[in-house]
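Visitor: Take this structure, written in structure tokens, and hold onto it; I'll ask about it next.
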Amino acid sequence: MQLSPALTLKKVAGIINAEFDGDPDFEISGINEIHKVENGDLTFVDHPKYYNKALSSAASTIIINKKVAPPNGKALLFSDDPFRDFVSLIKKFRPFEHASGMISPTAYIGEGTVIQPGVFIGNHVTIGKNCLIHPNVSIYDHSVIGDNVIIHSGTVIGADAFYFKRREKFYDKLESGGRAVIEDNVEIGACCTIDKGASGDTIVGWGSKLDNHIMVGHDTVIGKNCLFAAQVGIAGCVNIEDDVILWGQVGVQKDLTIGKGAVVLGQSGLSKSIEGGKTYFGSPVQEAREKMKELAMVKKLPEIIEKLRS
Amino acid sequence: MQLSPALTLKKVAGIINAEFDGDPDFEISGINEIHKVENGDLTFVDHPKYYNKALSSAASTIIINKKVAPPNGKALLFSDDPFRDFVSLIKKFRPFEHASGMISPTAYIGEGTVIQPGVFIGNHVTIGKNCLIHPNVSIYDHSVIGDNVIIHSGTVIGADAFYFKRREKFYDKLESGGRAVIEDNVEIGACCTIDKGASGDTIVGWGSKLDNHIMVGHDTVIGKNCLFAAQVGIAGCVNIEDDVILWGQVGVQKDLTIGKGAVVLGQSGLSKSIEGGKTYFGSPVQEAREKMKELAMVKKLPEIIEKLRS
Amino acid sequence: MQLSPALTLKKVAGIINAEFDGDPDFEISGINEIHKVENGDLTFVDHPKYYNKALSSAASTIIINKKVAPPNGKALLFSDDPFRDFVSLIKKFRPFEHASGMISPTAYIGEGTVIQPGVFIGNHVTIGKNCLIHPNVSIYDHSVIGDNVIIHSGTVIGADAFYFKRREKFYDKLESGGRAVIEDNVEIGACCTIDKGASGDTIVGWGSKLDNHIMVGHDTVIGKNCLFAAQVGIAGCVNIEDDVILWGQVGVQKDLTIGKGAVVLGQSGLSKSIEGGKTYFGSPVQEAREKMKELAMVKKLPEIIEKLRS
């Protein structure tokens, strides 16, 4: 999430009532969760396990619950609860805005685009030219839709990231400050959900085609010309390169990469990154040929064991 | 489903035109399907295999298709088709009511709750304080939503139980007389379905967080602070204790229990109850460590067999 | 897709600007993709691998990208891009029509049918008697719904077929000219998607009952009295005979047949046709008993190998 205009370290420290170490006029140009940080961003860290990762990340400013010295060129904000303070910043700069009707007056809709009845278009949404949005689609605030995009009924673009921190007695929600971005020439089937980024963008890339009932988690980035069959489920922060094909009901865990041109057969489950240009099957997934051999061997087991016995 | 005021045995016998054995003024305070019966309830049984279960259940009155003597303290109604008569009672006391608009005038909506556009709220629905109901959500009649609940777009609360009796030439529907109950501080993602109870309540417990595309079947009871990832499917009459985590695309069959704090890895399938406090994987599910060992052994099979041969 | 009135070969050749071989007055009574062709239909073929299949199919007229002689009783249209020309014909004879409101004035709705709020009913839709269409359902143009049908909230009937041709730099869409047809006494759960046929009909047969989150692909034909549990996904062009039961999260690949009365256990995956009257399990699917034996054997492997070693 970009801040424009940028803020100063001193200003942010005042908002969350925190001590800081750094130039009071140090510039903060964005607020981003650790998976998506860029230079100039503010992020947070609250677990010793991740201190190093945060302090050596691209982020320029870090909210942290330990008094350490700021690394070169960075600033620190000290907080007893960095998660709480990070969330309060998201809420301040990306506040929930009530809808005033089915189509927000702050939405921009390009020429030639058809919006069918029952479609909700939230505040600050941008939709390109020559799109077709079918009935009863819901598009949350700040979503960005390109040109020539088709979205089928019941689909939800930009719902909140599923991102919670376990507290002792309850789950605490990371408010989502990011966006859902659908590039040109994408088609999304019926009853799909493309969540917004936690703080960055969830992206469905140019020309990709999604069948029905597909889930795309927060901050996942899908390349160009991908093809996903029905009921595919993709967790958050996944990186899917161009020309990837996922067949029906494939499940993809968070934080991994699927290489260019990979093909994953139906009902497979990915818990690790896979290389491009190959075909995969199984849960957990393997190369399809290897998996097929295994399945054949298991089928022949009784026979093999019998032979070994005699 | 509670009856208030309670009815007498004689009254109910008159409605379904049945003979009975018991005090004509015997009190019937609820109508419930066998999985949910309590003292004072009327239930039904029509298969010899289940006669004993029904007759020894908590139900006080039973519609049955065999002339037997009522157990101590119970009353019986005799019918050639107990299912048909049970359904006719549900229909009489929980009739379908036409909606008069998107938000029923008989619905109660608490202070601070935001209802976004395109939301349907049926008759006799109760929604607590400070909830946020996103666009195009549908909430069926009699549903109960607590305080601080968030429900994302496209989600359907309280659709009918999927409960049919096979007749010779068709499936006969058990009309649903139950409710969907969402407790305080729950968040439900986009395109989820939480069915109403067949006669009792389907419950999503305090503070639980559900991702997108999740199915919760009729009469299932989910405890506090559970966390379910996208595309989890839970059948009817499941009992899920507190702090259970189900990862993406997990499937749970009907009538079983998941113990407190159990963690079930993605795409697993549960056909039996599992103990709490452990991690599970596979379809059918096993303890995760055990399953991982099995998978490793299958991978090494060619090598092992080669060794045994030589 | 039927054409009424029928067209002549010469007329169609003029529309797509193609040379032809056949009687100029040769009659074309329908436009159908190869999976659904009948006598009198026009179809297309653009890959040498499928020339014979198309030329020997029931289709009477074929758009083809090779100059060959027409088989007996058939006519040919020659095109450098049969896919493009086929799509242009679909678009001409089944054009997209803007909705003028939530319920089209060209829709027919039978007596006793209840349409709840937020339902979209497209152009030329037919709905029979005594149906109940729950809130926020979307029914695309040309869909046909029988009598006594119940459709739950969020469900989408008749969205486009997921059918794309890979071009060098992008996926090209086959516009859908077919319909979704729901026969009498069907019940469809919440958040289901029943796609329209690519050019023929997708059919949910008499009395079948579908739970929530079910996907039925284009041109799939489901028989009478089938029962599908939640989150079942069925690809395109599948043929499911009567009395088939699919339990939760079953996945079915395209172009196959499930025999009468087959039962498929939860999470199974079908990549081949299966015979009726049996019970199946696994991904890929096997007869359930066989699969259970395999699973038991894998569990005993460490023990078996130990024995063989000693």
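Each value in this text was obtained by applying a stated rule to the coordinates, not by laboratory testing. Since we're looking at a predicted model, the values are computed, not measured. Positions of Cβ are generated from backbone atoms using ideal geometry, with glycine treated the same way; all protein chains shown enter the neighbour counts.
Visitor: Any idea what the relative contact order of region B:212-310 is, in percent, if you count C-alpha pairs under 8 Å spaced at least 6 apart?
Guide: Result for region B:212-310 is 17 percent.
Visitor: Using helices alone, what [θ] at 222 nm do you get for the protein assembly as shown, with -39,500 (n - 2.57) per DSSP H run of 4 or more residues, divided over all residues and rounded to the nearest 500?
Guide: -5000 deg cm²/dmol
Visitor: Please check: in the Gaussian network model of chain A (C-alpha springs, under 10 Å), which one of A:177, A:146, A:112 has the largest mean-square fluctuation.
Guide: Of A:177, A:146, A:112, the most mobile in the Gaussian network model is A:112.
Visitor: Over chain C, what is the relative contact order in whole percent, taking alpha-carbon pairs under 8 Å and six or more residues apart?
Guide: 8 percent
Visitor: About the Cα centre of region A:2-93, how large is the charge dipole given +1 on each Lys and Arg Cβ and -1 on each Asp and Glu Cβ? Please answer in debye to the nearest 20.
Guide: 180 debye
Visitor: Related question: With r defined as the distance between the Cβ atoms of residue C:304 and residue B:271 and R0 fixed at 25 Å, what FRET efficiency is calculated, to the nearest 0.05?
Guide: 0.50
Visitor: Suppose you put the label 7 Å out from Cα in the Cβ direction; list, shortest first and in nm with one decimal, how far residue B:306 is from each other copy's label.
Guide: Result, one decimal in nm: 2.5, 2.6.
Visitor: Also: In a Gaussian network model over chain A where Cα atoms closer than 10 Å are linked, find which of A:293, A:278, A:196 has the largest mean-square fluctuation.
Guide: Between A:293, A:278, A:196, it is A:293 that shows the largest mean-square fluctuation.
Visitor: Further question on the same structure: Which ³J(HN,Hα) values, rounded to whole Hz and listed in residue order, are derived for region A:28-43 from phi using the Karplus coefficients 6.51, -1.76 and 1.60 in 6.51 cos²θ - 1.76 cosθ + 1.60 with θ = phi - 60°, glycine and proline given as x?
Guide: Those phi angles translate into 10, 9, x, 10, 9, 5, 3, 5, 10, 5, 10, 3, x, 7, 9, 9 Hz.
Visitor: For region B:70-165, which chymotrypsin sites (Phe, Trp or Tyr not before Pro) are both in a DSSP coil and crowded by at most 13 other Cβ atoms within 10 Å?
Guide: Counting only loop positions with at most 13 other Cβ atoms within 10 Å, the chymotrypsin sites (Phe, Trp or Tyr not before Pro) in region B:70-165 are B:96.
Visitor: Could you pull out every one of the lysines with an alpha carbon less than 23 Å from that of residue C:67, ignoring same-chain neighbours closer than 8 positions?
Guide: Qualifying lysines at Cα under 23 Å: C:10, C:11, C:49, C:53, C:165.
Visitor: Another question, then. Report, to two decimal places, the Cα Rg of the protein assembly as shown normalised by 2.2 N^0.38 Å (N = number of residues).
Guide: For the protein assembly as shown, the normalised Cα radius of gyration is 0.99.
Visitor: Sticking with this one: Using amide H atoms built 1.01 Å from N in the peptide plane, name the residues 5+ places from residue A:63, or on other chains, whose amide H lies under 5 Å from its own.
Guide: Counting only residues 5 or more places away or on other chains, the set is A:43, A:44, A:45, A:77.
Visitor: Residue by residue through region C:265-280, which ³J(HN,Hα) values in whole Hz follow from phi under the Karplus form 6.51 cos²θ - 1.76 cosθ + 1.60 (θ = phi - 60°), with glycine and proline marked x?
Guide: These are the phi-based 3J(HN,Hα) values: 6, x, 6, 5, x, 9, 10, 9, 5, 10, 6, x, x, 10, 10, 10 Hz.
Visitor: Let me ask something else about it. Would you mind telling me which residue in B:72, B:123, B:239 has the biggest mean-square fluctuation in a Gaussian network model of chain B, where springs connect alpha carbons within a distance under 10 angstrom?
Guide: Most flexible of the set in this elastic network: B:72.
Visitor: While we're here: Over the whole of B:129-136, what's the average partner chain Cβ count within 10 Å per residue? Rounded to a whole number, please.
Guide: Average per residue, whole number: 5.
Visitor: Follow-up question, since we're still on this one. Any idea how far the Cα center of region B:176-222 sits from the one of region C:204-276, in Å?
Guide: For region B:176-222 versus region C:204-276, the Cα centre distance is 26 Å.
Visitor: Check residue B:103: other-chain or 5+ apart residues with amide H under 5 Å from its amide H, H built from backbone geometry?
Guide: B:121
Visitor: Now a separate question. If the limit is 31 Å between Cα atoms, which of A:196/C:173; A:272/C:307; C:66/C:254; B:209/B:278; B:66/B:92 go over it?
Guide: A:272/C:307
Visitor: Quote the charge dipole size of chain C about the Cα centre in Debye, to the nearest 20; the model charges only the Cβ of Lys and Arg (+1) and of Asp and Glu (-1).
Guide: Roughly 1020 debye, rounded to the nearest 20.
Visitor: Within a Cβ distance under 10 Å of residue C:229, other residues only, what is the Lys/Arg minus Asp/Glu net charge?
Guide: Value of the local net charge: +1.
Visitor: Distances from residue C:279 to the same residue in each other copy, label points 7 Å out along Cα→Cβ, in nm, shortest first?
Guide: Output for residue C:279: 3.3, 3.3 nm, nearest copy listed first.
Visitor: In addition: Using the 7 Å Cα-to-Cβ label point, sort the distances from residue B:255 to its equivalents in the other copies shortest first and give them in nm to one decimal.
Guide: Sorted ascending, the copy-to-copy spacings read 4.0, 4.0 nm.
Visitor: Using the Cα gyration tensor of chain A, with a ≥ b ≥ c the square roots of its eigenvalues, what is the shape: rounded (a/c below 1.5), prolate (a/b larger than b/c) or oblate (neither)?
Guide: Because a/c hits 1.5 or more and a/b fails to exceed b/c, chain A counts as oblate.
Visitor: Classify region A:2-93 from the C-alpha gyration tensor, please: rounded if a/c falls under 1.5, else prolate or oblate depending on whether a/b exceeds b/c.
Guide: Cα axes put region A:2-93 in the rounded bin.
Visitor: Tell me the GluC sites (Glu not before Pro) within region C:23-75 that lie in a loop according to DSSP and have at most 15 other beta-carbon atoms within 10 Å.
Guide: Qualifying residues, ordered by number: C:38.
Visitor: Further question: Could you work out the relative contact order of region B:108-289? I mean the mean sequence separation of Cα pairs under 8 Å and 6+ apart, divided by the number of residues, in percent.
Guide: Reported relative contact order: 11 percent.
Visitor: Could you run the Karplus curve 6.51 cos²θ - 1.76 cosθ + 1.60 with θ = phi - 60° over region B:215-230 and give me ³J(HN,Hα) per residue in whole Hz, x for Gly and Pro?
Guide: Each residue's phi maps through the Karplus curve to give 10, 10, x, 4, 6, 6, 10, 10, x, 7, 6, 8, 10, 10, 7, 4 Hz.
Visitor: Lys and Arg at +1, Asp and Glu at -1: add these up for the other residues within a Cβ distance under 9 Å of residue B:130 and post the number.
Guide: -1
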